[in-house]
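Okay, structure first, notes after.
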There are 2 protein chains.
Amino acid sequence: MYRAEVFVSLKPVVNDPEGITIRSGLHALGFTKVQEVRSGKYLVLTVDEADEASARSAVEEMARKLLSNAVIEDFRFELHQVAERTAVESR
Amino acid sequence: MYRAEVFVSLKPVVNDPEGITIRSGLHALGFTKVQEVRSGKYLVLTVDEADEASARSAVEEMARKLLSNAVIEDFRFELHQVAERTAVESR
(Lines give C-alpha, C1' and ligand atoms only; values in the text may rest on other atoms or scores of the structure.)
Protein backbone atom coordinates (compact mmCIF):
# COMPACT_ATOMS: atom_id res chain seq x y z
CA MET A 1 0.00 0.00 0.00
CA TYR A 2 1.40 3.36 -0.99
CA ARG A 3 0.43 6.93 -0.34
CA ALA A 4 1.21 9.27 -3.22
CA GLU A 5 1.35 13.03 -2.78
CA VAL A 6 0.76 14.61 -6.17
CA PHE A 7 1.57 18.30 -6.72
CA VAL A 8 -0.03 19.85 -9.77
CA SER A 9 1.07 23.38 -10.65
CA LEU A 10 0.48 25.71 -13.54
CA LYS A 11 3.34 26.00 -16.00
CA PRO A 12 5.38 29.18 -15.39
CA VAL A 13 4.13 30.81 -18.60
CA VAL A 14 0.44 30.33 -17.71
CA ASN A 15 -1.48 33.16 -16.05
CA ASP A 16 -2.67 32.42 -12.53
CA PRO A 17 -5.56 34.70 -11.55
CA GLU A 18 -6.16 32.73 -8.34
CA GLY A 19 -2.54 33.26 -7.29
CA ILE A 20 -2.77 36.97 -8.08
CA THR A 21 -5.95 37.27 -6.02
CA ILE A 22 -4.33 35.50 -3.06
CA ARG A 23 -1.32 37.82 -3.31
CA SER A 24 -3.63 40.85 -3.26
CA GLY A 25 -5.37 39.46 -0.20
CA LEU A 26 -2.03 38.91 1.56
CA HIS A 27 -0.89 42.44 0.71
CA ALA A 28 -4.19 43.82 2.04
CA LEU A 29 -3.53 41.96 5.30
CA GLY A 30 -0.11 43.62 5.57
CA PHE A 31 2.08 40.84 4.17
CA THR A 32 3.69 43.19 1.69
CA LYS A 33 6.85 41.11 1.32
CA VAL A 34 5.03 38.47 -0.70
CA GLN A 35 6.25 38.83 -4.26
CA GLU A 36 4.45 36.04 -6.03
CA VAL A 37 1.84 33.39 -5.32
CA ARG A 38 1.25 30.45 -7.63
CA SER A 39 -1.72 28.20 -6.97
CA GLY A 40 -1.99 24.53 -7.66
CA LYS A 41 -3.55 21.27 -6.54
CA TYR A 42 -2.37 18.91 -3.84
CA LEU A 43 -3.79 15.41 -4.16
CA VAL A 44 -3.14 12.54 -1.78
CA LEU A 45 -3.85 9.12 -3.25
CA THR A 46 -3.88 5.81 -1.43
CA VAL A 47 -2.98 3.08 -3.88
CA ASP A 48 -3.12 -0.63 -3.18
CA GLU A 49 -0.03 -1.69 -5.14
CA ALA A 50 2.38 -4.34 -3.89
CA ASP A 51 5.69 -2.74 -4.86
CA GLU A 52 7.08 0.72 -5.34
CA ALA A 53 7.81 0.36 -9.07
CA SER A 54 4.23 -0.49 -9.99
CA ALA A 55 2.86 2.19 -7.64
CA ARG A 56 5.17 4.72 -9.27
CA SER A 57 4.16 3.86 -12.82
CA ALA A 58 0.44 3.77 -11.91
CA VAL A 59 0.54 7.20 -10.25
CA GLU A 60 2.60 8.63 -13.11
CA GLU A 61 -0.03 7.41 -15.60
CA MET A 62 -2.94 8.71 -13.47
CA ALA A 63 -1.30 12.12 -13.23
CA ARG A 64 -0.77 12.26 -16.98
CA LYS A 65 -4.24 11.01 -17.92
CA LEU A 66 -6.53 12.62 -15.37
CA LEU A 67 -4.95 14.56 -12.52
CA SER A 68 -3.18 17.17 -14.62
CA ASN A 69 -3.73 18.94 -17.91
CA ALA A 70 -0.46 18.65 -19.83
CA VAL A 71 -1.18 21.77 -21.88
CA ILE A 72 -1.09 24.16 -18.94
CA GLU A 73 0.09 22.15 -15.93
CA ASP A 74 3.14 20.33 -14.61
CA PHE A 75 3.07 17.65 -11.93
CA ARG A 76 5.42 15.84 -9.63
CA PHE A 77 4.75 13.31 -6.90
CA GLU A 78 6.25 11.61 -3.88
CA LEU A 79 5.55 8.04 -2.81
CA HIS A 80 5.49 6.78 0.76
CA GLN A 81 4.86 3.20 1.78
CA VAL A 82 2.12 2.91 4.40
CA ALA A 83 0.81 0.11 6.56
CA GLU A 84 -2.38 -1.51 5.32
CA ARG A 85 -4.64 -0.46 8.15
CA THR A 86 -3.51 3.08 8.87
CA ALA A 87 -3.43 4.12 5.22
CA VAL A 88 -6.94 5.52 5.09
CA GLU A 89 -7.12 6.68 8.68
CA SER A 90 -3.85 8.53 9.01
CA ARG A 91 -4.76 11.47 6.81
CA MET B 1 14.36 35.56 -0.52
CA TYR B 2 12.48 32.39 0.29
CA ARG B 3 10.15 30.13 -1.60
CA ALA B 4 7.46 28.55 0.56
CA GLU B 5 5.49 25.53 -0.56
CA VAL B 6 2.23 25.47 1.38
CA PHE B 7 0.10 22.32 1.43
CA VAL B 8 -3.49 22.83 2.52
CA SER B 9 -5.56 19.70 3.02
CA LEU B 10 -8.99 18.96 4.40
CA LYS B 11 -9.06 17.56 7.91
CA PRO B 12 -9.56 13.78 7.87
CA VAL B 13 -13.10 14.04 9.27
CA VAL B 14 -14.27 16.46 6.56
CA ASN B 15 -16.06 15.11 3.48
CA ASP B 16 -14.19 15.58 0.22
CA PRO B 17 -16.58 15.40 -2.76
CA GLU B 18 -13.83 16.51 -5.15
CA GLY B 19 -11.59 13.67 -4.01
CA ILE B 20 -14.46 11.17 -4.37
CA THR B 21 -15.16 12.42 -7.90
CA ILE B 22 -11.48 12.08 -8.85
CA ARG B 23 -11.42 8.55 -7.45
CA SER B 24 -14.51 7.66 -9.53
CA GLY B 25 -12.79 9.05 -12.61
CA LEU B 26 -9.65 7.03 -11.92
CA HIS B 27 -11.70 3.86 -11.39
CA ALA B 28 -13.54 4.55 -14.68
CA LEU B 29 -10.15 4.78 -16.41
CA GLY B 30 -9.18 1.37 -15.03
CA PHE B 31 -7.11 2.45 -12.03
CA THR B 32 -9.12 0.26 -9.68
CA LYS B 33 -6.36 -0.02 -7.09
CA VAL B 34 -6.91 3.56 -5.95
CA GLN B 35 -8.54 3.34 -2.55
CA GLU B 36 -8.82 6.98 -1.56
CA VAL B 37 -8.18 10.41 -3.02
CA ARG B 38 -8.05 13.54 -0.86
CA SER B 39 -7.88 16.88 -2.58
CA GLY B 40 -6.17 20.01 -1.35
CA LYS B 41 -4.37 23.16 -2.37
CA TYR B 42 -0.73 23.59 -3.24
CA LEU B 43 0.48 27.19 -3.01
CA VAL B 44 3.97 28.40 -3.83
CA LEU B 45 4.84 31.77 -2.30
CA THR B 46 7.90 33.86 -2.98
CA VAL B 47 8.63 35.95 0.08
CA ASP B 48 11.24 38.68 0.32
CA GLU B 49 12.41 38.03 3.88
CA ALA B 50 16.04 38.27 4.93
CA ASP B 51 16.28 35.27 7.24
CA GLU B 52 14.62 31.93 7.62
CA ALA B 53 13.07 32.58 11.02
CA SER B 54 11.13 35.64 9.85
CA ALA B 55 10.12 33.91 6.62
CA ARG B 56 8.86 30.97 8.64
CA SER B 57 6.79 33.07 11.02
CA ALA B 58 5.38 35.18 8.17
CA VAL B 59 4.29 32.15 6.14
CA GLU B 60 2.85 30.48 9.25
CA GLU B 61 0.75 33.58 9.92
CA MET B 62 -0.36 33.89 6.27
CA ALA B 63 -1.44 30.26 6.26
CA ARG B 64 -3.42 30.70 9.47
CA LYS B 65 -5.05 33.98 8.47
CA LEU B 66 -5.80 33.57 4.78
CA LEU B 67 -4.48 30.48 3.03
CA SER B 68 -6.34 27.91 5.09
CA ASN B 69 -9.63 27.66 6.93
CA ALA B 70 -8.81 26.34 10.38
CA VAL B 71 -12.31 24.90 10.87
CA ILE B 72 -12.01 22.35 8.06
CA GLU B 73 -8.40 22.44 6.86
CA ASP B 74 -4.88 21.64 8.03
CA PHE B 75 -1.74 23.09 6.52
CA ARG B 76 1.98 22.50 6.50
CA PHE B 77 4.75 24.18 4.57
CA GLU B 78 8.35 23.86 3.47
CA LEU B 79 10.79 26.73 3.06
CA HIS B 80 13.60 26.91 0.53
CA GLN B 81 16.05 29.75 0.18
CA VAL B 82 16.28 31.03 -3.38
CA ALA B 83 18.54 33.45 -5.19
CA GLU B 84 17.10 36.93 -5.68
CA ARG B 85 16.87 36.90 -9.43
CA THR B 86 15.71 33.37 -10.17
CA ALA B 87 12.98 33.37 -7.55
CA VAL B 88 10.18 34.43 -9.84
CA GLU B 89 11.50 32.82 -12.96
CA SER B 90 12.30 29.34 -11.72
CA ARG B 91 8.70 28.16 -11.27
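The values are calculated or read from the model by the stated rules, or taken from the named source; none is laboratory data. What you see is a predicted model, and the numbers here were worked out from it, not measured in a lab. Methodologically, a virtual Cβ is constructed for each residue, glycine included, from the backbone with ideal geometry; neighbour enumeration extends over all protein chains shown. Quick note on the areas: whole protein, heavy atoms, side chains included, nothing else; ligands and nucleic acids left out. Shrake-Rupley method; radii C 1.70, N 1.55, O 1.52, S 1.80 Å.
Residue B:16: touching a Leu at 6+ places or on another chain (Cβ under 6 Å) and of a type outside the set (A, V, I, L, M), yes or no?
Yes.
Give the residue that is most open to solvent (accessible area, probe 1.4 Å), with candidates limited to residues of the range A:31-50 that are of a type in the set (A, V, I, L, M, F, W, C) and out of contact with any helix residue (DSSP H, G or I) (no Cβ under 7 Å at 6 or more places or on another chain).
A:50
Checking residue A:65 against (1) more than 9 Å from chain B (Cβ to nearest Cβ); (2) over 26 Å from residue B:11 (Cβ atoms); (3) open to solvent by 60 Å² or more (accessible area, probe 1.4 Å), which single condition isn't satisfied?
All conditions pass for residue A:65, except number (1).
The rows are residues; the columns are (1) at pLDDT below 95; (2) farther than 20 Å from residue B:26 by Cα.
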site	(1), (2)
A:14	no, yes
A:17	no, yes
A:29	no, yes
A:39	no, yes
A:44	no, no
A:76	no, no
A:84	yes, yes
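Among the candidates A:53, A:28, A:4, single out the residue that is exposed (fewer than 12 other Cβ atoms within 10 Å of the Cβ) and facing another protein chain (nearest Cβ under 10 Å).
A:28
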